[in-house]
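The values are calculated or read from the model by the stated rules, or taken from the named source; none is laboratory data. Quantities reported herein were computed from a predicted structural model and do not represent experimental measurements. Methodologically, a virtual Cβ is constructed for each residue, glycine included, from the backbone with ideal geometry; neighbour enumeration extends over all protein chains shown. Accessible surface is based on the protein model in full, side chains and every heavy atom, while ligands, DNA and RNA are left aside. Shrake-Rupley method; radii C 1.70, N 1.55, O 1.52, S 1.80 Å.
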Amino acid sequence: MGNVPLCGEREVNVAIRRARKAAAAWVSVPPDRRAKVFERFHDLVLDRQDEILDIVQLETGKARPHAFEEVADVAVTTGYYAARAPSLLNQKRRRGLVPGLTRVTEVRVPHGVVGVIAPWNYPLSLAATDSVPALLAGNAVVLKPDLQTTHTALWIAERLQEAGLPDDLFVVVSGTGPEAGAALVDAADYVSFTGSTATGRTVGARAARRLIGASLELGGKNAMIVRGDADLARAVDGALRGAFTNAGQLCIAIERLYVHRSLHDAFLDRFVARTAALRLGTGLDWGYDIGSLASAAQLEKVSEHVRDAISKGATVRAGGRGRPDIGPFYFEPTVLTGVTPEMKVCAEETFGPVVALRPFETDEEAIALANDSPYGLNASVWGRDRRATLALARRLEAGTVNVNDAYIAAWGSVDAPMGGTKDSGVGRRHGSEGLLKYTESRSVAEQRGPAVALGGAWLSRPGARRVAAALLRATRRIPGLR
Ligand code: NAD
């Protein structure tokens, strides 16, 4: 699409210095005035969506409806934080040690410069929705996007500037992960990383050496469970969206489908027929259901997972092949059955349009199958019996669980936290956690009246000690005091 500079440690450090200077002024702008910038940014993204839809499609090869998901996500998340950040960042009164005499206020202080490291799969959404709350919290952001999607990041920077964000508060550094990414972890005051589990471990360890905080949003191998009482047609629709959105290159995409034995055959027939009918292609219009994979490396990984599964006895029910006749990195949406634990596609994240389907007999078995994964990012459960379906949902080891939906219900409900358990990450985006992680707490305790002396001469007197112990006992019994 164009040339971008390859930044290394020197350029990253220059960006950090500029950002740190800008942050020092930004911190004294009240949060409700900061929010105005993001209200304008929200509107600009929606007004100029055609521009960014083209750029995202050109950089990633995704179909237009999936690029629009990114625009919608940025609008929903930015709108939410612009409205909520001022009250979430307000100082809060906390209960003091001595009622009436110790006054405690919790103040929220920004870290300074937040390093945001983003992947290529949702380049608009992930770069913007992690940066917006960091900026609203009073930080500057240095963003390192994936090298393949730098123009999307630069478009975000232009829109923020147009919305009135002061200079140098949002700086983009283009470069490779091991150089620019590592340099950013070495110089930022907090790191917000989204990417693979392998890289997340490296980034987390590097941040830990500097004793800075990091949130790590990592990979998934997400399961969908279809109970015997589920609405078949709706569940098949959900599975199609869950497995094949963005050609499966979505961290919360469904890669494992467990269907109750009583519905299994009907589900499989319908799902395979609908999968085979999906329209493959990427025009800058709304005419396709599935776009290209993003790169040769992605095509190789997805092909290898399917080859490996076939060689070990899996059956291809739909798809299963690359489609160079459509474009160099296209791969057909693929449904496999007969997948067993020694196959790569069973345990590892494929990150492509490949889903494995198998039957189950009881809810207990479905829960055990779904939880039998090192990952714990997203899950989905379908059923008509609300109580039983919700009870099952609550036992799934994942940061988000969607009921009668594949992934959008939880992703789009930005008032609730979202993130990974187990190997899927540390920390949360969305909700109050997604904003407050970009701050430190500072507790200011003001003591009035007599000094509280819990040691020394006063307590060496037996009478005084008895009074202190009696007070401690009494306060535990007074509701609301402890
Ligand atoms: P990746 O880990 O290869 O790269 C992610 C980012 O990290 C890129 O910007 C890359 O340049 C940078 N990077 C690479 N090495 C680095 C290093 N040593 N130090 C610092 N930065 C480094 O991941 P990817 O292949 O680009 O993205 C796909 C992965 O991301 C999948 O596993 C997917 O599940 C995951 N993902 C997770 C979420 C989530 O919210 N949990 C969202 C999207 C994608």
Taking region 209-223 and keeping only residues that are in a strand (DSSP E or B) and either within 9 Å of the ligand (Cβ to nearest atom) or farther than 24 Å from Val302 by Cα (or both), one is left with Gly213, Ala214, Ser215, Leu216, Glu217
Notebook entry, point to check: Does any residue of region 85-94 turn out to be farther than 30 Å from His42 by Cβ and in contact (Cβ under 8 Å) with a residue 60 or more places away in the chain?
Noted result: yes
Apart from one, (1) within 24 Å of the chain's Cα centre (by Cα); (2) open to solvent by 50 Å² or more (accessible area, probe 1.4 Å); (3) within 24 Å of Tyr190 (Cα to Cα) all hold for Arg20; the odd one out is (1)
Only unsatisfied item for Ala445, checking (1) open to solvent by less than 70 Å² (accessible area, probe 1.4 Å); (2) touching a residue at least 60 places away in the same chain (Cβ under 8 Å); (3) not assigned by TED's automatic domain parsing to the domain that holds Leu232, is (1)
With criteria (1) in a loop (DSSP other than H, G, I, E, B); (2) in contact (Cβ under 8 Å) with a residue 24 or more places away in the chain, Ala451 comes up short on (2)
Region 84-162: strands (runs of 3 or more DSSP E) wholly inside it with 1 or more residues that are buried (at least 22 other Cβ atoms within 10 Å of the Cβ) are 102-110, 113-117, 140-144
Mind checking whether some residue in region 232-239 is among the β-branched types (Val, Ile, Thr) and free of Cβ contacts under 8 Å to residues at least 40 places away in the same chain?
yes
Inset, instruction - Can you confirm whether region 416-427 contains a residue that is assigned to a helix (DSSP H, G or I) and surrounded by fewer than 24 Cβ atoms within 10 Å (Cβ to Cβ)? - result: no
Selection over region 247-268 where residues are open to solvent by less than 10 Å² (accessible area, probe 1.4 Å), among the small types (Gly, Ala, Ser) and assigned to a helix (DSSP H, G or I) yields a count of 2
Listed by range, strands (runs of 3 or more DSSP E) wholly within region 294-410 having at least 3 residues that are open to solvent by less than 30 Å² (accessible area, probe 1.4 Å), under 20 Å from Ile254 (Cβ atoms) and in the same structural domain as Gly238 (by TED's automatic domain parsing) are 334-337, 354-360, 378-382
Of the residues in region 227-280 that are away from the ligand (no atom under 16 Å from the Cβ) and of a type in the set (Asp, Glu), the one that is nearest to the chain's Cα centre (by Cα) is Asp237
Checked Phe244, Phe271 against criteria (touching a helix residue (DSSP H, G or I) at 6+ places or on another chain (Cβ under 6 Å), of a type in the set (Phe, Trp, Tyr) and open to solvent by less than 10 Å² (accessible area, probe 1.4 Å)); the one match is Phe271
Log entry, pairs with first residue in region 116-129 being aromatic (Phe, Trp, Tyr), second being more than 6 Å from the ligand (Cβ to nearest atom), beta carbons closer than 6 Å, six or more apart or on different chains, reads Trp120/Gln148; Trp120/Thr149; Trp120/Ala294; Tyr122/Glu70
